[in-house]
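> Sharing a structure, written as structure tokens. Questions coming.
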4 protein chains.
Amino acid sequence: MQLGMIGLGRMGGNIVRRLLAGGHTAVVFDQNPEAVAALVAEGATGAASLEEFVRTLDAPRTAWVMLPAGEITEGTVVKLGGLMAADDVIIDGGNSFYKDDIRRAAELRPKGVHYVDVGTSGGVWGLERGYCMMIGGDTDTVTRLDPIFETLAPGIGTIPRTPGREGRDARAEAGYIHAGPSGAGHFVKMVHNGIEYGLMQAYAEGFDILKHSNSTDLPEGQRFDLNIGDIAEVWRRGSVVSSWLLDLTAGALAGDENLTNFSGFVADSGEGRWTLNAAIEESVPANVLSAALYARFRSREDASYADKLLSAMRKGFGGHQEPK
Amino acid sequence: MQLGMIGLGRMGGNIVRRLLAGGHTAVVFDQNPEAVAALVAEGATGAASLEEFVRTLDAPRTAWVMLPAGEITEGTVVKLGGLMAADDVIIDGGNSFYKDDIRRAAELRPKGVHYVDVGTSGGVWGLERGYCMMIGGDTDTVTRLDPIFETLAPGIGTIPRTPGREGRDARAEAGYIHAGPSGAGHFVKMVHNGIEYGLMQAYAEGFDILKHSNSTDLPEGQRFDLNIGDIAEVWRRGSVVSSWLLDLTAGALAGDENLTNFSGFVADSGEGRWTLNAAIEESVPANVLSAALYARFRSREDASYADKLLSAMRKGFGGHQEPK
Amino acid sequence: MQLGMIGLGRMGGNIVRRLLAGGHTAVVFDQNPEAVAALVAEGATGAASLEEFVRTLDAPRTAWVMLPAGEITEGTVVKLGGLMAADDVIIDGGNSFYKDDIRRAAELRPKGVHYVDVGTSGGVWGLERGYCMMIGGDTDTVTRLDPIFETLAPGIGTIPRTPGREGRDARAEAGYIHAGPSGAGHFVKMVHNGIEYGLMQAYAEGFDILKHSNSTDLPEGQRFDLNIGDIAEVWRRGSVVSSWLLDLTAGALAGDENLTNFSGFVADSGEGRWTLNAAIEESVPANVLSAALYARFRSREDASYADKLLSAMRKGFGGHQEPK
Amino acid sequence: MQLGMIGLGRMGGNIVRRLLAGGHTAVVFDQNPEAVAALVAEGATGAASLEEFVRTLDAPRTAWVMLPAGEITEGTVVKLGGLMAADDVIIDGGNSFYKDDIRRAAELRPKGVHYVDVGTSGGVWGLERGYCMMIGGDTDTVTRLDPIFETLAPGIGTIPRTPGREGRDARAEAGYIHAGPSGAGHFVKMVHNGIEYGLMQAYAEGFDILKHSNSTDLPEGQRFDLNIGDIAEVWRRGSVVSSWLLDLTAGALAGDENLTNFSGFVADSGEGRWTLNAAIEESVPANVLSAALYARFRSREDASYADKLLSAMRKGFGGHQEPK
């Protein structure tokens, strides 16, 4: 079927490529004409403006917005909503906040425009492996778009089947789910990222402990000089902690076990934060997910005000001078 | 080659089976004669006592102790040390504390008996998938035992190679490493388990947030009724959080998404605790690994003294009555 | 000067009493006529409706709203805003969310009505000890209300002066501050409560460790049978951890060291949650404050879904049965 | 009564001074003859060696060791034990690990030498305010030393009595307790310090959130420019978070609210670590106390290996470049 794509960065471009390869057609638009031209060369139909983009699409239209979350996506959705007609569909495939999805769906509903939010995981690997998708929207619309999702998804592949899933929704095994109404897709994706932070931090702390096993803080005779890269590699084979993140870790450590090219300044997208906000709103304890986010905050500070205050208190009660 | 095995529980028994299947021979001993008989029926040579076990083995002997960590393993290693001769090897394949390994190796050294500690991951799946092994001991001994480790390990299998590992120790790709001197094997295995706790807790918190997304604490119109089992399944396909633990989670949720058969009383082995002790000794921050362990502690209490004290303070400053 | 008070619960009533005792006059209103009558008997002027309340106050009016945060306060502020005139002042002395203060101040500004938010600490002890107040609002209005704040505050009392404060705002030493524009008062109070949770949890964990020092998990000969009440008491005298919360703890433990009358179900007001939301918004690591809030969440669950999921995973990879 | 003091640093010297002022006599020894001479000038009897120190003391002797914990204290206790006789008492007033106390008491017992461990809080303020003491040892010995403890303790002072303590051990109200057998004193002191870390970190995080309330991460119109020093001061008056640590904080902030003279490198003594080890041994959740210690660990690292590993993983799955 036909899909319109707005935003031809790495993600948007590759989604179009995977769809074209799967026998679908695409109308594409981007602020950058070169990005449009590149995909036209691969078989897509280009548009020079949002208006032309909408005119070119066959009704009922399906427009996938793949832009940075926040003002850019918001502005595009609003403008698109103005140009589209009843029964058209706007898909937000970016990393929007799920409460924005809920609001946008309600704003578009009176006009009959459907809003679908798609959270995707797989990033740069999606073109090759397929995109793992979590979809929010009304059932009729999500069903109508199924051919697109089916093509984008990884498919059942060679991963062993989960015992006991017979008779349950087959889409999950193919790599996509209809999670619920508008917002549900990004909500599930948001928690996915929260978990991702927690998993990453668990590995990070563990490898940090391994790395410091030759610390002179330790008694002599109780220090080890471990090969961190080999440890990551061996855990990929039959251990309980094997995972795709561990595969990536093993790859990074194979290059340089000391990671000297990394400063350790760790960014975070909004999703880890929103996951904690959701946990707090739901009264769910989330010590691990919180600690994972806070470690990133801390990685971006040289000397925190909190630490300085500790030093000041220590000086106050014990006359302790900072040892450095 | 020949291996002696002491302790024929699930782990010890299956290790013998995998070795026999791989063309090795085995002498076996267990307090329970039936366990011995079962393996004799599968091709092993049985022994009725530790003394007979040692006499039956060809010198230089290799005895693998696969018993519960703590007093039982300790007692067996001591007794075995008394019976063995120079150049014999004692392998502790259980979950001993690495400082005990360091001590035992030192105690056995004057007599010329070698001590090797092997941490294994893979548990009940090892017979089929192979055992992921982290080995501590002196290089000559570990090299001598290589045929055994090679057979027990999963082998390189179908898992994609890690780019950039060319020319590095091939054993890691086959699923076993010589981590360092005595104690290093169990040290690496210990941190492995610490990470495992952290990973598990990251998933647990994330799924808890998903599960509570229909909480009445949330504003109406912002609640979801998610299919938790489908979410676990879809993340297995191309997502960043895919892992073996997630595969297990998907399996558990396919059976009963509400997990009603589980009380939520979560045990912990010593290794998560030792990992934190090591982090503290090394001055490495480990908020995630700590939180994961503490969540298990908390799962085993009905009403903690800490919580009661909070209630008592609240009553003191605000006259708050407990709401329940 | 004259103050109007809406909401004559423990807090509102006692504020009026402290003002009357300090030579001020008060007009009071409450949904419950008996609460009004009680304060009229003590010298206040009563009102039978919000309209009468506003009519009775001398212009420019000052109306202190002391009601539960959320819909009740919101509705009252809106209604009051409709009844009041330019230069009148609405004070919200409850525990409102500071972003609501910012919004309300902006909504009332066109009409010339001033909005002041006052966070108070001291609770049931305020009548006697005075109220510690953090005030947000424009400078002219806060200055105009100074006689009221001065009377309500504890005053400089017998607490030793902080060295080095000479020449700084004297109000802080008297127990109240003008923190900034509307919202700043409740913001500071919010963080105060976040800290309070952290302090309480630090004591709670410490006393829990003391309480468990006779645990049979510990080796024999390394257990203690401590008198928890005496420990709380001794720390009140010259130790680094002395505080008002410790005073309360000592009081609670003097009664029953085992706290058997407390179930350990610990409520939380919104402020601990908002503090974390603020930390997340500001990218400030807050592991301690988060852990303190999550401990309360956890105290209110019998068996968490997260814990059940851990058990399910453990069963999956190791065949572990729950030990209970 | 007579006390011998070994180690005349700030703590040891001031303890002697407070005892002399209280009518006791003292024999003093230190490696540094000038430290001895200084106290002789104030009325103590000096000794030029440990042997002379022991000879000079009247039997049964009481020797207080006030030296850095670890090897120095250990060596002194061992040497002293060799010199002393039945019924003599060795007091370790430093910050020894409680398991070392238990061991030492057992080692000295056959000879009839009593071992008493005294944890003290109050630090540099003790000479003036008195020392808050937690004492471990056998009852007869602790009772015999009571005149010394009574003089050193702050006494009941002007701090309000805790209601409900009538009839309970009066020593707690005077500022010292007999916590239990040898080791119990340092155990209680250890947990005291663990709590201290938690309290400090709770304040540190809260003030960090206040400090960042003008962060440009926040939406315009929702930022505050708070006077941090005034906030610390106002909370000293009637608020729930008032404490001695807050008094110190207010003092530090009165000098320089930005704490520019502090690097934020925060040391930790062993006691915070031991407290966590105890919590782990007892299976008590201690998220707050752990986070407090880990914050100090993290304050001493520029770029942690854990953070670099996060960056490496992020690059692996998303092609993310570090933003700095």
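> Working only within segment C:120-167, note down all residues that are farther than 16 Å from D:ASP230 by Cβ and among the aromatic types (Phe, Trp, Tyr).
Matches in segment C:120-167: C:TRP125, C:TYR131.
> Quick one: which helices (runs of 4 or more DSSP H) sit completely within segment D:1-92 and have at least 1 residues that are touching a residue at least 24 places away in the same chain (Cβ under 8 Å) and surrounded by fewer than 16 Cβ atoms within 10 Å (Cβ to Cβ)? Give the derivation first.
On the way: elements: D:10-21, D:33-41, D:50-56, D:71-83.
By residue number, D:10-21, D:50-56, D:71-83.
> Moving to a separate point now. Here's a check for you: in segment B:263-298, which residue that is crowded, with 23+ Cβ neighbours inside 10 Å and over 30 Å from D:ARG300 (Cα atoms) is farthest from the chain's Cα centre (by Cα)?
B:ARG298
> Then there is this: Please verify whether segment D:123-140 includes one or more residues that are at pLDDT 95 or above, in a helix (DSSP H, G or I) and closer than 22 Å to C:GLU257 by Cβ.
Yes, that holds for at least one residue.
> For D:GLY155, are the conditions met, namely being outside any helix (DSSP H, G or I), surrounded by fewer than 22 Cβ atoms within 10 Å (Cβ to Cβ) and in contact (Cβ under 8 Å) with a residue 24 or more places away in the chain? Outline the logic, then answer.
Numbers: outside any helix (DSSP H, G or I): yes; surrounded by fewer than 22 Cβ atoms within 10 Å (Cβ to Cβ): yes; in contact (Cβ under 8 Å) with a residue 24 or more places away in the chain: yes.
Yes: the conditions hold for D:GLY155.
> Inside segment B:166-188, can you point out the residues that are assigned to a loop (DSSP other than H, G, I, E, B), within 7 Å of chain A (Cβ to nearest Cβ) and open to solvent by less than 10 Å² (accessible area, probe 1.4 Å)?
Matches in segment B:166-188: B:GLY175 only.
> Could you tell me whether D:ASP117 is within 17 Å of C:ASP230 (Cβ to Cβ), more than 7 Å from chain C (Cβ to nearest Cβ) and buried (at least 18 other Cβ atoms within 10 Å of the Cβ)? Even if it seems obvious, please write down each step before you answer.
Working: within 17 Å of C:ASP230 (Cβ to Cβ): yes; more than 7 Å from chain C (Cβ to nearest Cβ): yes; buried (at least 18 other Cβ atoms within 10 Å of the Cβ): yes.
Judged against the criteria, D:ASP117 is a match.
> Right, something else. Right, D:ALA279: outside any loop (DSSP other than H, G, I, E, B), at pLDDT 95 or above and facing chain A (nearest Cβ under 9 Å) or not?
Numbers: outside any loop (DSSP other than H, G, I, E, B): yes; at pLDDT 95 or above: yes; facing chain A (nearest Cβ under 9 Å): no.
Answer is no for this residue.
> Could you go through segment B:98-112 and let me know if any residue there is open to solvent by less than 10 Å² (accessible area, probe 1.4 Å), of a type in the set (A, V, I, L, M) and more than 20 Å from B:ASN193 (Cα to Cα).
yes
> Let me ask something else about it. Which of (1) at the interface with chain C (Cβ under 8 Å from one of its Cβ atoms); (2) out of contact with any Gly (no Cβ under 9 Å at 6 or more places or on another chain); (3) outside any helix (DSSP H, G or I) is the odd one out, the single condition D:ARG161 does not satisfy?
(1)
> With the checklist (1) among the β-branched types (Val, Ile, Thr); (2) assigned to a strand (DSSP E or B); (3) in contact (Cβ under 8 Å) with a residue 40 or more places away in the chain in hand, flag the one item A:ILE148 doesn't pass.
(2)
> Looking at this structure, is D:VAL241 modelled with pLDDT of 95 or more, over 30 Å from A:GLY272 (Cα atoms) and part of a loop (DSSP other than H, G, I, E, B)?
Details: modelled with pLDDT of 95 or more: yes; over 30 Å from A:GLY272 (Cα atoms): yes; part of a loop (DSSP other than H, G, I, E, B): yes.
So D:VAL241 passes the test.
> Go through segment C:130-151 and report how many residues are buried (at least 19 other Cβ atoms within 10 Å of the Cβ) and farther than 22 Å from C:ARG104 by Cβ.
From segment C:130-151, those buried (at least 19 other Cβ atoms within 10 Å of the Cβ) are C:130-137, C:141-142, C:145, C:148-149, C:151; that's our starting set.
After this cut, where a residue has to be farther than 22 Å from C:ARG104 by Cβ as well, the list is C:130, C:132, C:151.
So the answer is 3.
> One residue is enough: does segment D:299-317 have a residue meeting the conditions in a helix (DSSP H, G or I) and either within 20 Å of D:GLU205 (Cα to Cα) or among the β-branched types (Val, Ile, Thr) (or both)? Talk me through it step by step, then tell me what you get.
Of all residues in segment D:299-317, those in a helix (DSSP H, G or I) come to D:299, D:305-317.
Next, only the ones that are either within 20 Å of D:GLU205 (Cα to Cα) or among the β-branched types (Val, Ile, Thr) (or both) stay: D:299.
There is at least one residue in segment D:299-317 that is in a helix (DSSP H, G or I) and either within 20 Å of D:GLU205 (Cα to Cα) or among the β-branched types (Val, Ile, Thr) (or both).
> Taking only segment B:247-289 into account, find how many residues are polar (S, T, N, Q) and closer than 30 Å to B:ASN227 by Cβ.
First pass over segment B:247-289, keeping only residues polar (S, T, N, Q): B:249, B:258, B:260-261, B:263, B:269, B:275, B:277, B:283, B:287.
Next, only the ones that are closer than 30 Å to B:ASN227 by Cβ stay: B:249, B:258, B:260-261, B:263.
Count: 5.
> Collect the residues in segment D:202-234 that are assigned to a helix (DSSP H, G or I), open to solvent by 10 Å² or more (accessible area, probe 1.4 Å) and in contact (Cβ under 8 Å) with a residue 12 or more places away in the chain, keeping them in residue-number order.
Restricting attention to segment D:202-234, the residues satisfying the condition of being assigned to a helix (DSSP H, G or I) are D:202-214, D:228-234.
Among the residues that remain, those that are also open to solvent by 10 Å² or more (accessible area, probe 1.4 Å) are: D:211-212, D:214, D:230.
Listed by number, the residues that qualify are D:LYS211, D:ASN214.
> Could you tell me whether A:LEU245 is in contact (Cβ under 8 Å) with a residue 60 or more places away in the chain and either farther than 20 Å from D:GLU301 by Cα or over 25 Å from the mean Cα position of the chain (by Cα) (or both)? Please lay out each step first, then the result.
Values: in contact (Cβ under 8 Å) with a residue 60 or more places away in the chain: no; either farther than 20 Å from D:GLU301 by Cα or over 25 Å from the mean Cα position of the chain (by Cα) (or both): yes.
Spelling it out, it is not the case that A:LEU245 is in contact (Cβ under 8 Å) with a residue 60 or more places away in the chain and either farther than 20 Å from D:GLU301 by Cα or over 25 Å from the mean Cα position of the chain (by Cα) (or both).
> On to the next question. Please determine, by comparing only the residues of segment D:248-262 that are buried (at least 20 other Cβ atoms within 10 Å of the Cβ) and more than 7 Å from chain C (Cβ to nearest Cβ), which one is nearest to C:ALA291 (Cα to Cα). Write out each step before concluding.
Filtering segment D:248-262 for residues buried (at least 20 other Cβ atoms within 10 Å of the Cβ) gives D:248-254, D:259, D:262.
Checking which are more than 7 Å from chain C (Cβ to nearest Cβ) leaves us with D:248-249, D:252-253, D:259, D:262.
Values: D:LEU248: 25, D:THR249: 23, D:ALA252: 27, D:LEU253: 26, D:LEU259: 26, D:PHE262: 27 Å.
My answer is D:THR249.
> Out of all the residues in segment D:53-76, is one or more of a type in the set (S, T, N, Q), more than 26 Å from the chain's Cα centre (by Cα) and modelled with pLDDT of 95 or more? Break it down stepwise before answering.
Quick first cut of segment D:53-76, residues of a type in the set (S, T, N, Q) only: D:56, D:62, D:73, D:76.
The next check asks that each one be more than 26 Å from the chain's Cα centre (by Cα); those that pass are D:56.
Keeping just the survivors that are modelled with pLDDT of 95 or more gives D:56.
There is at least one residue in segment D:53-76 that is of a type in the set (S, T, N, Q), more than 26 Å from the chain's Cα centre (by Cα) and modelled with pLDDT of 95 or more.
> Considering every residue within segment D:110-120, establish whether at least one is modelled with pLDDT under 95, of a type outside the set (Lys, Arg) and either touching a strand residue (DSSP E or B) at 6+ places or on another chain (Cβ under 6 Å) or not in a loop (DSSP other than H, G, I, E, B) (or both). Outline the logic, then answer.
To start, the set of residues in segment D:110-120 that are modelled with pLDDT under 95 comprises D:120.
Next, from what is left, pick out any that are of a type outside the set (Lys, Arg): D:120.
Narrowing the set further to residues that are either touching a strand residue (DSSP E or B) at 6+ places or on another chain (Cβ under 6 Å) or not in a loop (DSSP other than H, G, I, E, B) (or both) leaves D:120.
Yes, segment D:110-120 contains at least one residue that is modelled with pLDDT under 95, of a type outside the set (Lys, Arg) and either touching a strand residue (DSSP E or B) at 6+ places or on another chain (Cβ under 6 Å) or not in a loop (DSSP other than H, G, I, E, B) (or both).
> Also, I was wondering about something else. Any chance segment D:200-220 includes a residue that's more than 7 Å from chain C (Cβ to nearest Cβ) and within 23 Å of the chain's Cα centre (by Cα)?
Yes; the residues of segment D:200-220 include at least one that is more than 7 Å from chain C (Cβ to nearest Cβ) and within 23 Å of the chain's Cα centre (by Cα).
> I've got another one for you. Looking at (1) hydrophobic (A, V, I, L, M, F, W, C); (2) more than 7 Å from chain C (Cβ to nearest Cβ); (3) out of contact with any strand residue (DSSP E or B) (no Cβ under 8 Å at 6 or more places or on another chain); (4) part of a helix (DSSP H, G or I), which is the one condition that is false for D:VAL191?
(2)
> When you go through C:SER290, C:SER311, C:SER269 one by one, which is the residue that is more than 16 Å from A:ASN287 (Cα to Cα) and within 7 Å of another protein chain (Cβ to nearest Cβ)?
Values: C:SER290 fails: more than 16 Å from A:ASN287 (Cα to Cα); C:SER269 fails: within 7 Å of another protein chain (Cβ to nearest Cβ).
Exactly one of C:SER290, C:SER311, C:SER269 is more than 16 Å from A:ASN287 (Cα to Cα) and within 7 Å of another protein chain (Cβ to nearest Cβ), namely C:SER311.
The values are calculated or read from the model by the stated rules, or taken from the named source; none is laboratory data. Predicted model, so just to flag it, every value in this text is computed and none were measured. We place every Cβ from the backbone using ideal geometry, glycine too, and count neighbours over all the protein chains shown. Just the protein is used for accessible areas: all its heavy atoms, side chains included, with ligands, DNA and RNA removed. Shrake-Rupley method; radii C 1.70, N 1.55, O 1.52, S 1.80 Å.
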